[in-house]
1. Cα axis of helix A:30-40 to longest principal axis of chain A: angle in degrees, 0 to 90, nearest 10?
2. Using only DSSP helix segments of four residues or longer, with each worth -39500 (n - 2.57), what per-residue ellipticity at 222 nm results for chain B after dividing by its residue count and rounding to 500?
3. Find the Rg to Rh ratio for the range B:53-96, where Rh is the Kirkwood radius over alpha-carbon pairs and Rg uses the same atoms.
4. For chain B, take the longest principal axis of its alpha carbons; what is the angle in degrees between that and the long axis of helix B:102-119, to the nearest 10 within 0 to 90?
5. Given the range B:4-131 reduced to its alpha-carbon atoms as identical point scatterers, what log10 I(q)/I(0) does the Debye formula return at q = 0.11, 0.13, 0.18, 0.23 Å⁻¹?
6. Once a ≥ b ≥ c are taken as the square roots of the eigenvalues of the Cα gyration tensor of the range A:2-75, is the result rounded (a/c under 1.5), prolate (a/b larger than b/c) or oblate (a/b not larger than b/c)?
7. How big is D, in µm² s⁻¹, for the protein assembly as shown by Stokes-Einstein at 37 °C and 0.692 mPa s if Rh is the Kirkwood radius over C-alpha pairs?
8. Return the calculated 222 nm mean residue ellipticity for chain A, to the nearest 500 deg cm²/dmol, obtained by summing -39500 (n - 2.57) across DSSP H runs with n ≥ 4 and dividing by the residue count.
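Please treat every number below as a calculation from the coordinates, not as lab data. Just so it is clear, the structure is predicted and the values come from calculations on it, not from any experiment.
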Amino acid sequence: MRVSVVAFARLRELLGFSQRSLVLPEAASVDDAWSAIAAEAPAIRELRGSTRIACNGAVVDGVRRLRDGDELSLLPPAGGG
Amino acid sequence: MNRYAVSAQALDAAAIEALVRDDAHGGMVTFAGIVRARADDGRAVRGLSYEAQAEMAVAEFEAIAREASERFGDCSIAIHHRTGDLAIGETAVVVAVACAHRGAAFDACRFAIDALKERAPIWKRESYVDGTAEWRENACGESHA
């Protein structure tokens, strides 16, 4: 399956993309998607604990199973206000 | 104008207050977050740049407003946050809250800005006069604006 990954702020800079598509095996989870991205970007490996990940606009746990066409947002710790 | 918004346009606090002002609510409190000339560590700031997951941020503002009404009684709330490049003195965020009385209005406004800083998917990059820049995260439970 193919999902879309959108990265924000510090993660966008570290990853070098704001949006990309990612091909994953069927039944892959949110954590599998993170691992696939982190495999190519060592600078973010330590940041999973501080990163919230949203699937189609709702924050989800790492064990959440993905479906073809899902959009993942990688959200660093908040800095608004 | 929507009550909840993330916008690259300059914020007009009076226009945002007008969204919540009505005959049912006798106490109105507005919080405005302004870009300061000095960072918390004393460095001279040149400006801020805000980035947001706008759709999720607006949904979070709506959720915060619902929670405020559950906690503090019927409140009318508007929350607007800037994105893009802001200079010193510009308004980054406006939270306008109207309640029946002042106590609930102060409490709900404080709750809303604290919740926004903790939860809303908005990020701030601080640029300094010395040419450097850093992404700044909010410390949980902190009361700095």
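1. Between helix and principal axis, roughly 70 degrees.
2. Details: 3 runs with 45 residues, N = 145.
Calculated at 222 nm, the ellipticity per residue is -10000 deg cm²/dmol.
3. Details: Rg = 12.5 Å, Rh = 11.8 Å.
Rg/Rh for the range B:53-96 comes to 1.06.
4. Compared with the principal axis, the helix lies near 40 degrees.
5. -0.38, -0.53, -0.92, -1.28
6. Details: a/c = 1.43, a/b = 1.39, b/c = 1.03.
Since a/c stays below 1.5, the shape of the range A:2-75 is classed as rounded.
7. Working: Rh = 18.6 Å.
So the translational diffusion coefficient is about 176 µm²/s.
8. Details: 2 runs with 18 residues, N = 81.
Roughly -6500 deg cm²/dmol at 222 nm, from the helical runs in chain A.
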